[in-house]
1. Only one of these is over 18 Å from the mean Cα position of the chain (by Cα), hydroxyl-bearing (S, T, Y), assigned to a helix (DSSP H, G or I) and over 26 Å from B:I34 (Cα atoms): C:S176, C:S171, C:S202. Name it.
2. Out of all the residues in region C:124-144, is one or more under 20 Å from C:E23 (Cβ atoms), crowded, with 18+ Cβ neighbours inside 10 Å and not aromatic (F, W, Y)?
3. So which of A:L108, A:L183, A:L151 ends up being within 13 Å of another protein chain (Cβ to nearest Cβ), modelled with pLDDT of 85 or more and surrounded by 17 or more Cβ atoms within 10 Å (Cβ to Cβ)?
4. For region A:186-200, which residues satisfy the criterion of being away from every other protein chain (no Cβ under 12 Å) and either crowded, with 18+ Cβ neighbours inside 10 Å or modelled with pLDDT under 80 (or both)?
5. For B:F116, indicate whether it is surrounded by 18 or more Cβ atoms within 10 Å (Cβ to Cβ) and either under 18 Å from the mean Cα position of the chain (by Cα) or under 30 Å from B:S171 (Cα atoms) (or both).
6. Here are some residues: C:S75, C:S59, C:S26. Which one is over 27 Å from D:L100 (Cα atoms) and of a type in the set (S, T, N, Q)?
7. How many residues does region A:54-93 hold that are open to solvent by less than 20 Å² (accessible area, probe 1.4 Å), at the interface with chain B (Cβ under 8 Å from one of its Cβ atoms) and not in a helix (DSSP H, G or I)?
8. Go through region C:113-137 and give me each residue that's more than 8 Å from chain B (Cβ to nearest Cβ), within 24 Å of B:S75 (Cα to Cα) and assigned to a helix (DSSP H, G or I).
Protein chains: 4
Amino acid sequence: VEPDAKIESDDAREGEKETARLEAFSDGVFAFAITLLVLELRVPHFDESHGEVSASWLSSALLETWPRYAAFAASFLTILIMWVHHHSLFRLVRRSDLPLLFANGFLLMLVATVAFPTAVVGEYLMTPAAPTAAILYVGQQVLLATAFLILLRVAFRPSSLSPSAPAAMVSRLRRSYLFGPPLYLAVLVMAPWCPKVAMGISLGLWVFWALVPTSPKRAHGGH
Amino acid sequence: VEPDAKIESDDAREGEKETARLEAFSDGVFAFAITLLVLELRVPHFDESHGEVSASWLSSALLETWPRYAAFAASFLTILIMWVHHHSLFRLVRRSDLPLLFANGFLLMLVATVAFPTAVVGEYLMTPAAPTAAILYVGQQVLLATAFLILLRVAFRPSSLSPSAPAAMVSRLRRSYLFGPPLYLAVLVMAPWCPKVAMGISLGLWVFWALVPTSPKRAHGGH
Amino acid sequence: VEPDAKIESDDAREGEKETARLEAFSDGVFAFAITLLVLELRVPHFDESHGEVSASWLSSALLETWPRYAAFAASFLTILIMWVHHHSLFRLVRRSDLPLLFANGFLLMLVATVAFPTAVVGEYLMTPAAPTAAILYVGQQVLLATAFLILLRVAFRPSSLSPSAPAAMVSRLRRSYLFGPPLYLAVLVMAPWCPKVAMGISLGLWVFWALVPTSPKRAHGGH
Amino acid sequence: VEPDAKIESDDAREGEKETARLEAFSDGVFAFAITLLVLELRVPHFDESHGEVSASWLSSALLETWPRYAAFAASFLTILIMWVHHHSLFRLVRRSDLPLLFANGFLLMLVATVAFPTAVVGEYLMTPAAPTAAILYVGQQVLLATAFLILLRVAFRPSSLSPSAPAAMVSRLRRSYLFGPPLYLAVLVMAPWCPKVAMGISLGLWVFWALVPTSPKRAHGGH
């Protein structure tokens, strides 16, 4: 092994270890944020002054809380899709530095709070307070889309981007992330007037985000 | 080292790193789901209007909550056994892609909620609401068995399966996972009429699942 | 590289990866169990019917909850010391199999519940209910010491023990873990009569456990 | 490969694996502590005796809890910055031993509790109880700065410090960590008299801590 190649390889290994710890920390936050959602599911409590507990009471008590299950599933899928995106981005990153740590931290802060607007929507979408709930939810989507755009811009600087990152994938991600913030801003403007439509579009966009990111395999191009 | 071998080895290493992050994320969810169960154990609160606190009051207050301890232990063992299965499956996987990420995500979503039906059963199995509680618990087992079957089908596609996976183990896992959903469906049909028997069979099946997965050592065959 | 050496090294690497995932999962449980303790610390709530909130009210409200801080610190140190032990044990393990997974799982289940008896002691040690609280706490120590002994026995089977494990360290750990269960059983017998002495001995033993495990460096002997 | 070089490299690898597990455990605690903060955000509950729920009620209910959002963001950024520091320190560490495990454990214990004083400040800074809240917050900063100083002293012993650690970075970190405890002690003395100024300085210092740590890239000097 030549000295130069050795130094370069040590450097690459160091950079990889670097990124590995950042990914592990991020995975921890994603994993906890996704698991913490389960705290929203609560065992129905029977008030003994209502007579005898019965199978039909428990059934209706469980069914009544369907908005919590829906909110749980929606938050879970949202975080899962964001994790897939985070994963795809970081596969293209070679080296982490301070701006990347903070761009990533800003995103994680928003990921950690996903459960909150979802729970507010689950509680209030069927009430006259729906506009406020929808504004809160879509507002957080604007922030999330912005945080992903910032992370992409920081991660794709020449000093961070892996030289082996496939150019087609890099430009595809660049393009699709650019759409995010204006798209959600448009939905946000609509939210006070038609909160349910705004929510429908926001949730539908997650299907789009689930499909946009290239699967790791396709990212390799010709392999 | 020949160029071709180098590329292949880089690819293998890349695939391994890929799977490693997926496993780390899954481990996070498993570890967190299993630890979060402890929130079900609560310090008995003494109501001062009941006179003086005493050792016998605390003893009976602690013993009274035995269904919570039983539910905790059952949930813990369940998640532990599922982790062992997840572990066994992923030792045979070489490469992750989008379908695997989502199949795995669907399983993790169910893993994260294991505590919920268990807690409902712990609260209501001894009451007239037992049928509903048993339906909820066995219903989740149906979903879990289905999620494991889907994950296995996705993980054992030729593009994901490791070429070094022992054929005997692969076919054994294929066979036993296929039994899962119909088995639990049969128990589900029985649950409204004999909820305690249905719960007994469901819990007993976990002993079966604990033994079925080949220990990592035996999976290696002759080594 | 000779073929035989290659196979052996692949095997070793496989075994290492195996153990690595088990350690990562265990670390997750340790880390969450230790962090979850913070939920015991609660912001004092001011009841507005008691007049005006004041600095002295907040001071005394915070100071009044000192048993919670003490319980938090004790649980934290306990889990930290157990993590160090777990760490030391697994540095000597080469290969994981089903018995090791379950022995480890049994230990993790107890680790996850450490906060519970500690909180009960923090709440009731100064009341007439102290004997029950002490029995619960010391009883869990008996289970923990037994779980560590079982884990050691399983981990130190010839098929699991790393061939490079220093013999002196192996026999030292074997010896000290054997003392655990009878020691705590003796304290348990004493707990109903002198709960505070039993608690003092139990907590004091943690200092012993903190010092017994060889530092990783000394474990290497002559290196 | 010469035998000596082989042993040295094995040793280095062992030491790296060692440190890796310590970092993974610490990352778990950091990630969990940072995610757990989200439990402070609660869905506003509508009391049905107050008439009809409305969008304006929900808006004001959400806006009213702004101190919780501010406390959440402050705690999140604080833990993130501490993670960056922890990260920078451990990149310079080659080998972990018992003192390092305990110095790190002491720091993690404080990291895990960051949410608590922040929540107390969020609740009471605008009330007459502000001095107590500020003392609690700044008091924890004193402990945190001390824990970081202890960790640095333990991590930078010759037996732990990586021989490849850039001398300029080591001495810079040594210098800046030494300032921490006396600086926060001075703020603590001021806290009872001007709690808001003390809080402002404490929060402002986090900006300083965010900038002081060298980015990983700059740490490599000439590379």
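The values are calculated or read from the model by the stated rules, or taken from the named source; none is laboratory data. All values reported here derive from a predicted model rather than from experimental measurement. FYI the Cβ positions are ideal-geometry reconstructions off the backbone, even for glycines, and counts take in every protein chain you see. Just the protein is used for accessible areas: all its heavy atoms, side chains included, with ligands, DNA and RNA removed. Shrake-Rupley method; radii C 1.70, N 1.55, O 1.52, S 1.80 Å.
1. Checking each option against the conditions leaves just C:S171.
2. Within region C:124-144, one or more residues are under 20 Å from C:E23 (Cβ atoms), crowded, with 18+ Cβ neighbours inside 10 Å and not aromatic (F, W, Y).
3. The conditions single out A:L108.
4. Listed by number, the residues that qualify are A:V187, A:L188, A:A198, A:M199.
5. Yes.
6. Just a single option satisfies the conditions, and that option is C:S59.
7. Within region A:54-93, residues that are open to solvent by less than 20 Å² (accessible area, probe 1.4 Å), at the interface with chain B (Cβ under 8 Å from one of its Cβ atoms) and not in a helix (DSSP H, G or I) number 0.
8. C:P117, C:T118, C:Y137
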